[in-house]
Every structure is written in structure tokens, then in C-alpha cells.
1. Past the 31 Å Cα-Cα mark, which pairs from 340/566; 446/469; 390/630; 522/651; 469/607?
2. If you consider only alpha-carbon coordinates, what radius of gyration and Dmax does the range 374-467 have, in Å?
3. For the residues 46, 449, 589, 246, what sequence is obtained by ranking on other C-beta atoms within 10 Å, fewest first?
4. Using Cβ contacts closer than 10 Å as the measure, can you line up 446, 491 from fewest to most?
5. Using the 10 angstrom Cβ neighbour count as an exposure proxy, how do 54, 170, 489, 64 rank, fewest first?
6. With only alpha-carbon pairs counted, each pair once and no self-pairs, how large is the Kirkwood hydrodynamic radius of the range 368-549 in angstroms?
7. Would you compute the Debye intensity of the range 314-365 from its alpha-carbon atoms alone, equal scatterers and no solvent, and pass along log10 I(q)/I(0) at q = 0.18, 0.19, 0.25 Å⁻¹ to two decimals?
8. Using a Förster distance of 51 Å, how high is the FRET efficiency between residue 674 and residue 177, based on the Cβ-Cβ distance and rounded to 0.05?
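Computed from the coordinates by the stated procedures, all read-outs in this text should not be read as laboratory data. This is a predicted model, so every value here is computed, not measured. Neighbour counts are summed over all protein chains in view; Cβ atoms, including those assigned to glycine, are modelled from backbone coordinates with ideal geometry.
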Amino acid sequence: MDMNQYLDMFIEESKEHLQSINSNLLLLENDPTNIGIVNEIFRSAHTLKGMAATMGFEDMASLTHEAENVLDLIRNNKLQINSDIMDVIFQSVDLMEGMVYNIIEGGDGSADVSALVGRLRAIVSGDLTPAPSKPAAGSAAADAIAQADEQAETTEEAGREHELDEYSLTVMRQSQESGHNLFWIKVSLREDCILKAARAYMVFDALENAGEVIKSTPTVEEIENERFDLSFEVVFVTEKSQEEIHKAVSNVSEVDQVLIENVNLKSEQAQAPEVKPQAAAPKAPVAEAKAPAAADAVKKPSASKTIRVDIERLDVLMNLFSELVIDRGRLEQLAREIGKSELQETVEHMSRISGDLQNIILTMRMVPVEQVFNRFPRMVRDTAKELNKKVNLEIQGAETELDRTVIDEIGDPLVHLLRNSMDHGLESPDVRRRSGKSEEGMIQLKAYHSGNHVFIEVTDDGAGINKDKVLKKAIERGIVNPATADNMTDKQIFELLFASGLSTAEKISDLSGRGVGLDVVKTKIESLGGSVAVDSSQGKGTTFLIQLPLTLSIISAMLVQVENEKFAVPLSSIIETAVFRQDEIMLAHRQKVIDFRGRVVPLVSLKEIFGIPDNGVQKGDDVAVVIVRKGEKMAGLVVDSFIGQQEIVLKSLGKYLVNVFAISGATILGDGQVALIIDCNALIK
């Protein structure tokens, strides 16, 4: 069978399982006695192993199998977790991730796993703590069920595949007597089901979250190796209702039918070696006759609420809709010029419909920042060990959504800021203890919406920024004139951290001191149409604040005219538009400025900046100005006139026009003209 058609599904699900394993390993490291977490990791690893084996990625399957053996010992209390074991498992997960990304890049997913396989086997063959003793008859149902699971596995390995031993039957009777429900469940997969073993294990995962599987037919081993048709049966003990179990199993994708019936061990059938479903009680047919719809509901799985869509298809959809937005603007202009009411009404209706469609498409492209944030706890854990520091990472607002194009780009800047907080911000445990702080430093990663922007904060409770040290380094590097250094505010000094080549590290390490400072972060964030600022309090900590646009594809802008040229200024950068008289314009240090609400704001002439030729039309005495901002700084863009607000499609200038000063792209207007989009961040210095 050709597996290439299933490769995308394998890659996406593998990434999800690896992320889940990473997250749960971090939880387990802080709570090593929590067997529930170990079970979660084991299930993800088990599913990943089955998927890899089915797809033919043997190295990944063998490595996952050995890691699974270690996890199995841990969850059965035969092995105590320590830092060495955690490190080996983490390294195994890293190698699995590397293999997945090798597959993404077109490789065969192979890797040298021999060293890690050897270390995992050494852990398994080491001195093990004794297994817990078998509980006496009459103990709590949960303990009995746990022992029954081990006993059932032993029975299956011995080849008694279709029988339940007396011990298991005793446990099941005790469970039923104590109020637990005992069900016989038959699960049928769809005929077009792919990765049967993985789907089957997802069913077992759903069941084990709700109770305990006592018996499966075929055996677990046969299901793992896909030695079954499209259905399997289990005997299951749970406190939950039949409806809850049916819903949980039906939610697994590619499950075609779920049949659930009660098992009555008090009947004579219970004495038979093979457990059968309970015979229908006298009232059952009556209930079926009254509610046939309910009976049908048991046989049909609930419809899936989500589908996977290749992001490239969404990109194509967005590009096609962008062309519609351009044509919409053209139609609106033609309707105004022609003036026919019927045409105007039709165009207005089309504009409303296309506006709703635009919102839906933009929403489809929005993804939670959780996709980026999820990888940071593991990175913080590793970096903290490297620095011999204790760090607690607190994440808030992970559900905040951003456009996919922005999400793809913010990962590296955030990594840089987090590493900076751990290396420069947080003190060592000894220093923190001497200063009266907790040995464990805190880093908070927070995301939230505000208007048409998303804000991301990286805050630490470290030593704060040493202003004198930053200023001294800046003077040494020639970034600041010593004559003006004394008059700089705290905010201005903090901003120096974003200057190119400025590093306050005392020594070169893998993390810092190589002259690659926060200017990299600033450049990347500004290329996304955002901004970054920093605030700090000596001895208390530092906060970096990133402001990002919600989307980069379709933006609201103010269209302005300069001579014969039209420009678009993003509304997110505009504070206000105003008209000033010539006598209100002043000179300060040979720079034209205006008084805007008590602040001196420099004027920037777009005509001079872009060298636009004069069209010979006589200008009036008044000066039209667009007040824009970049963080705390402001500037006034001098234009000839304001055209109006419009939603525009952001288009790149192409590979031949890269790094054009103060231009972030272009758009096509309704009359077919091209308008350049102003990059206000580049104009404000």
C-alpha cells in the first residue's frame, strides 16, 4: 500500500503527540509520583510507535518502543524516576522530533538511535524496585481493577486469548457489586480507515481515561500489529454511564460504529469461560419501540466538528479573495461615477457579503499563540539546567489568536527574549537568596488582545537592567555621545539595549556575549509591522512588551495624495490627521516641527523623502499632516491631501525590489493605480 498519501496526517499527528509528551514530561519532572501523567505519556508514545511502524519508519518505531518499555516500568511502580532517566527520555524525544522534521524536509526519517536505545535498555535491565503485592480478595475496586489488568496481560501472553480467569471474574463481580458499570463494547472502524492500530489505540486511550479495560478481543498485541479486521471487542469497567462512554469512543475519528451492552455477572452466563453481553431485559424492547431514534444514535458516531486543511490552500484562498477586494473597490468607484441606483444597491450588497466573507477567511487563518508557547517550557527547562538556575515559567493567554503568517515569525524573537531573561535577568539561586528572594526565579509569558493588536509580554522578577552598565557599554561602542548621556531618561537608556551589536554580557557563552543583541528581536518584530519596548525596575525585574498586528494580509489604511502619487498609511500607526497653517510650523535644530497637544513633533515631507517631482499645481497655504507613532515617538507626515480610509490588500514588491526604504509593500486601488504602503517605523528615528 502506498503510504505517501497518509504522510501529511502522520506528520501532523506525530507533532501533536511529541508536543504532548514534552509537556507531560515537564509536569512529571515536578510531580514524579503522579502515575496518571506517566499513563498519558505512555499512551502518546504507544500511538506514535504504532503510527511510525505502520508508515515504515523503523528507527522511530524502535526508539519509541524502548522508551515505552521504560515508561511501562515506571507506571507499574517497578522503576523510580530520577534526573538521569528524565534526561534520557528527553533526549529520545528530541531525536524523535529530529526524525519527524527530517521527514518533513523530504528525508526518510532514519537516524542513529543505537546509543539511546542502548541507554534505555540499560535502564530497563537495571535493579528494579519490587512490584506491588497482589491485593487480597475484597479490597477496593480500583486496586482490584489495576491488578486485574496485569493479570489479564499475563493471561493473554500465555495464549488464553478468549478466556477470563477466575481472578478477573472475581474482580469484575466485586466492581459491579460496588456500583461500577460493566460493559461489553464492540468498536467497528470505517472501511477506508488508515493507521488502524493508531485509531484502535486512540479508542483504548479514551476508554482508559474513563475506566479500566479488563479484556480485549483480539489481544492488545494483535491490535498493535494490525492483526485484526475492522472491529474489536472489550470488556470494560467504569463509573460513567453508557451514554458517556459511547460519546467518548465515537469522538475518535474513523470509528464507524459503537455497540455497548451491559454485562450481568450474576447471571448463569457469567460462569462460562467467555464473557457475553447481557441478555436483553424484558423492558428493553418496549424502550426501543418508544425511542427508535435513541437506538439509532448508539449505532452512529457523532459527526466530526473539525477538519484538517493544508495551510497552503488557505493561502491560495486568501490570495484569490484579495483580488476580489481589489475588484470590489473598483466596482464601488464605478458605481459612484455612473450613479445608477440599481447598480449602487447591488454593489453595496456585494460589499456587505464580501465583508462577511473576509472576516470568515481571516478567522480561518487565525491560530492560537499556544502553538508557539507550547515549545517554551521545555526550552526553559533545558536552559535553566545549563545555567544552574531555578526557573518557573508561567504562561497566560495561550488561547489568544494571531494570523498564521505572524505566528510563523514570532517564535525566534520570543526564544531570544526568554533566553535573555534567564541569562541576564534572573540571578543565580545564591544571589537571589542573599537578596531575600525565592531561589526559583519567575518568568511570565503573557498574550492578550487590545484593539486591532496582540500584545505579548515577557516579564521576569530578576535583578532588573543596570542603567549605568548599559550606558557605559553604549558609550564604549560609540552608540551614544558622552555629552548627551547625562540627559538621557531611563526609558531612553533601556531602548539602547536594542542597538546593533550592544551586549552587556561579561563573558562569551553559548547564550550570550557574541554581539548579537536584542536588535535582532527589534528588526524581526518591526518587519511584522509591530514594535517592541522594554521597562525595568532595579532589583525587581524587567518587562519586554511586543505589539503585533492581528493580520498582515488585508489592512485598513488612510490613502493620501502627494503630487501625482498616492500612498497608503496603515491606520494602526496613525494617531490623528490634521491641517496646520504655515505660521504654526516652527524650526528646531534645522528641523520643521509642530506643536501637537503640547508635544514637539517633527515633520517629515513624503515628497522630499521619495523625491517626487512637482506636478506644477499651485498649493494652498495650509499643510495636511498625518500624525503617526512608533512606540512613544511621533512624527508628522506632510502630504498634499487626504483621500480617505480604505481596506487594502498588502502585496510584496517582489524579489527585485527588496529593502526599499520606508516602503513595506504596495496595493492596487479601485481605479487600477498602484499605491505604495508607507512603513512608518522606518520614518521615525
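1. Working: 340/566 28 Å; 446/469 28 Å; 390/630 36 Å; 522/651 23 Å; 469/607 42 Å.
Result: 390/630; 469/607 exceed 31 Å.
2. 14.4, 45
3. Ascending number of Cβ neighbours within 10 Å: 589, 449, 246, 46.
4. 491, 446
5. 489, 170, 54, 64
6. 16.9 Å
7. For the requested q values the scattering log ratios are -0.59, -0.64, -0.90.
8. Values: r = 80 Å, r/R0 = 1.57.
Taking R0 as 51 Å, the efficiency between residue 674 and residue 177 is 0.05.
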